[in-house]
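Colleague: Can you keep this structure in mind? I'll have questions shortly.
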Amino acid sequence: NNEKSVPQILIRDLKFEKKSLAKLMFSPDQENHPSKAPVKYGELIVLGYNGSLPNGDRGRRKSRFALFKRPKANGVKPSTVHIACTPQAAKAISNKDQHSISYTLSRAQTVVVEYTHDSNTDMFQIGRSTESPIDFVVTDTVPGSQSNSDTQSVQSTISRFACRIICERNPPFTARIYAAGFDSSKNIFLGEKAAKWKTSDGQMDGLTTNGVLVMHPRNGFTEDSKPGVWREISVCGNVFSLRETRSAQQRGKMVENETNQLQDGSLIDLCGATLLWRTAEGLARTPTVKHLEALRQEINAARPQCPVGFNTLAFPSMKRKDVVDEKQPWVYLNCGHVHGYHNWGNKEERDGKDRECPMCRSVGPYVPLWLGCEAGFYVDAGPPTHAFSPCGHVCSEKTTAYWSQIPLPHGTHTFHAACPFCAHQLAGEQGYIRLIFQGPLD
């Protein structure tokens, strides 16, 4: 009898051990465990790039940038205000070891606001400069450019130290945006020409030359999203209506009931590049690249055919997203009929740009289709049934509908809707089209 009960006891002990192991694995002490993944505040994704920069992502220059909780807080908050009567005095006040913002009111007067360390926040800086204070280097987006050589010819309108994002280190990890970033000597310098003013509580505030614009979508970043209103953010994070033109001296009206707090789907425009802010929670609900790859394989598995050549069409792999493949689907943008590439119906008198669809005889542009590979731009996980016009980037219906309604800043005073994957201005009545595929005849 005794012999039989021994294994029972052993089994019971083993079960107990398993339970206590599980407890150890998921104990609240995980918080302090060094192997725990760092807290992610969110990601910034540059509009106009389909998953990576044309020449590849390198270091701080890439198409998307993740903001993680820093090992040690590096945030700052305003402290002492000094009024200096000469620029020399102002320089003396703003020492290299302390962050400060200098507001030059006239040759005779500069106000210097010193900033002190804030152990509750992390600061991330964005701009065109490659100097060390910049965490995310952003250059001007040239619509549809396939290589960086296309992008460097233009004189940049993005500020070297364009803006900073301050994230709370404790839940709910609120992220706030401010115009201008601190340079290598930890200074923000607003010269005589910059718009600046004294606030009602005696503090200083101002705007940068070309400004930092922000738009928060209504209903978050979901399939029910609607565009919000573009606002300008000041150096101290206050919200204003837009100036008449980008660099006008006169500031807009202060918008009291809105804040500089970023939310999932907020757009940040730096005058030359537009960034999309996605929160960590928002990204957790977004389709992954794996999901997009599964959708691509599903469409290809249905073996869509060219109604003219009867050859099977296939979307090329995500990695080959710039080279036209021989099986590549093409579309007539006026009707949405999908074909393989063919020379039929070329209208020579129209510079060869417009073609007549063999299916329905409608005449219009004829372009290759590309899958939208940047998952962060999708508002839902729907199948790739629609394409932006005139670029041919394919994604879900809700995603095309959302982006086609968004007026994106262009130049210094115009706005237009653009494809998020390549930044091409949208054309046609809606800016997108439903794709009509022909299935295999067998």
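The values are calculated or read from the model by the stated rules, or taken from the named source; none is laboratory data. Note that the coordinates shown come from a computational prediction; the quantities given were computed from them, not determined experimentally. Here Cβ is always computed from backbone atoms with ideal geometry, including for glycine, and neighbour counts include all displayed protein chains. Each accessible area value is taken on the protein alone, full model and side chains, heavy atoms only, with ligands, DNA and RNA left out. Shrake-Rupley method; radii C 1.70, N 1.55, O 1.52, S 1.80 Å.
Colleague: From the list 161, 189, 136, which one is open to solvent by 60 Å² or more (accessible area, probe 1.4 Å) and in contact with a strand residue (DSSP E or B) (Cβ under 6 Å, 6 or more places away or on another chain)?
Modeller: Criteria check complete, one pass: 189.
Colleague: Filter segment 232-287 down to the residues that are touching a strand residue (DSSP E or B) at 6+ places or on another chain (Cβ under 6 Å) and among the acidic types (Asp, Glu), then identify the one that is surrounded by the fewest Cβ atoms within 10 Å (Cβ to Cβ).
Modeller: My answer is 258.
Colleague: For residues that are surrounded by fewer than 14 Cβ atoms within 10 Å (Cβ to Cβ) and either within 12 Å of residue 185 (Cβ to Cβ) or polar (S, T, N, Q) (or both), scanning just segment 80-101, find the one that is modelled with the lowest pLDDT.
Modeller: 88
Colleague: For a quick check of your reading of the model, give me the residue pairs whose first member lies in segment 178-198 and is more than 12 Å from residue 162 (Cα to Cα), whose second is open to solvent by 20 Å² or more (accessible area, probe 1.4 Å) and basic (Lys, Arg), with beta-carbon atoms closer than 7 Å and at least 6 apart or on different chains.
Modeller: Filtered contacts from segment 178-198: 185/96; 186/96; 190/196; 195/251.
Colleague: Sticking with this one: When you look at residue 45, is it assigned by the TED database to the domain that holds residue 272, open to solvent by less than 70 Å² (accessible area, probe 1.4 Å), assigned to a strand (DSSP E or B) and touching a residue at least 24 places away in the same chain (Cβ under 8 Å), yes or no?
Modeller: Yes.
Colleague: Consider residue 387 carefully, then state whether it is within 28 Å of residue 340 (Cα to Cα) and not in a loop (DSSP other than H, G, I, E, B).
Modeller: Yes, satisfied.
Colleague: Can we say residue 116 is open to solvent by less than 20 Å² (accessible area, probe 1.4 Å), assigned to a strand (DSSP E or B) and modelled with pLDDT of 85 or more?
Modeller: no
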